[in-house]
Amino acid sequence: MNEPGGAPLRRVTRDVEPAALRDMADRPPRASVAFVDGDAVDVLPARARVSSDTYQFAVSADVSPDLTRREVVLVIDDGPYWFQLRGLSVRGVAERLPLAAADGLVWYAIAARRILAWDYGALREE
């Protein structure tokens, strides 16, 4: 595709490498997990832990179905304003961890199939 006058359109991206968001991954400010339950998509608030390439999340045992061996999408995000929006999306299969949590949380690890990262403050042309 070309701009008026024949110049090629320039692509603008907000995508970054996950390593660029290491500070956010070390202390996830907000997290949620999405999954298909029956014929509908459900989203729950979650706690997240990230270490090197290991992604874990916890949900309340009271409100979540068992997510073992189910495909999930974990979203960790930060930033209240448009140019501060940044985050990670981790899609994969959840496996329950054998951790006994006294706070009523059930922890899972994700066998990641796809990881996306974005930072609107890093918009640039490719």
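The values are calculated or read from the model by the stated rules, or taken from the named source; none is laboratory data. Since the structure is predicted, the reported quantities are computational estimates derived from the model, not experimental observations. Cβ: placed from backbone, ideal geometry, glycine included. Neighbour counts: every protein chain shown. What goes into the accessible areas is simple: the full protein's heavy atoms, side chains included, and nothing from ligands, DNA or RNA. Shrake-Rupley method; radii C 1.70, N 1.55, O 1.52, S 1.80 Å.
Of the residues making up the stretch 23-50, those that are within 13 Å of the chain's Cα centre (by Cα) and open to solvent by 60 Å² or more (accessible area, probe 1.4 Å) are 29, 30, 43, 45, 47, 49.
As for the stretch 38-60, it holds no residue that is charged (D, E, K, R) and within 12 Å of residue 96 (Cα to Cα).
May I ask you to list the residues in the stretch 39-56 that are of a type outside the set (S, T, N, Q) and more than 13 Å from residue 71 (Cα to Cα)?
Narrowing the stretch 39-56 to residues of a type outside the set (S, T, N, Q): 39-50, 53, 55.
Listed by number, the residues that qualify are 39, 40, 44, 45, 46, 47, 48, 49, 50, 53, 55.
Being among the basic types (Lys, Arg) and at pLDDT 90 or above narrows it down to one residue among 91, 10; which is it?
Details: 10 fails: at pLDDT 90 or above.
Sole residue among the options that is among the basic types (Lys, Arg) and at pLDDT 90 or above: 91.
With respect to the conditions (1) at pLDDT 90 or above; (2) more than 14 Å from the chain's Cα centre (by Cα); (3) aromatic (Phe, Trp, Tyr), residue 55 lacks only one, and its number is (2).
Residues in the stretch 29-53 that are in contact (Cβ under 8 Å) with a residue 24 or more places away in the chain and farther than 17 Å from residue 106 by Cβ: 29, 30, 36, 50, 53.
The set of residues from the stretch 78-93 being surrounded by 17 or more Cβ atoms within 10 Å (Cβ to Cβ) and touching a residue at least 40 places away in the same chain (Cβ under 8 Å) comprises 78, 86, 87, 88. Of the residues in the stretch 22-46, how many are modelled with pLDDT of 85 or more and either more than 19 Å from residue 85 (Cα to Cα) or among the aliphatic types (A, V, I, L, M) (or both)? Adding up the residues that qualify gives 14.
Which residue is most open to solvent (accessible area, probe 1.4 Å), if the candidates are limited to the stretch 60-69 and must be modelled with pLDDT under 95 and hydrophobic (A, V, I, L, M, F, W, C)? Step through it out loud before you land on a result.
As a first pass, look at the stretch 60-69 and keep what is modelled with pLDDT under 95: 60-66.
From what's left, hydrophobic (A, V, I, L, M, F, W, C): 61, 63.
Values: 61: 54, 63: 96 Å².
Residue satisfying both the conditions and the ranking: 63.
Taking the residues in the stretch 87-108 that are within 13 Å of residue 47 (Cβ to Cβ) and either in a strand (DSSP E or B) or among the charged types (D, E, K, R) (or both) as candidates, determine which candidate is nearest to the chain's Cα centre (by Cα). Please lay out each step first, then the result.
Filtering the stretch 87-108 for residues within 13 Å of residue 47 (Cβ to Cβ) gives 97, 99, 101, 103-108.
Adding the requirement that they be either in a strand (DSSP E or B) or among the charged types (D, E, K, R) (or both) leaves 103, 105-108.
Numbers: 103: 23, 105: 19, 106: 18, 107: 16, 108: 14 Å.
For the stretch 87-108, the residue satisfying everything is 108.
Taking residues in the stretch 94-115 that are closer than 20 Å to residue 21 by Cα and among the β-branched types (Val, Ile, Thr), and partners anywhere that are open to solvent by less than 50 Å² (accessible area, probe 1.4 Å) and not in a strand (DSSP E or B), the pairs with Cβ atoms closer than 9 Å and at least 6 places apart or on different chains are 115/18.
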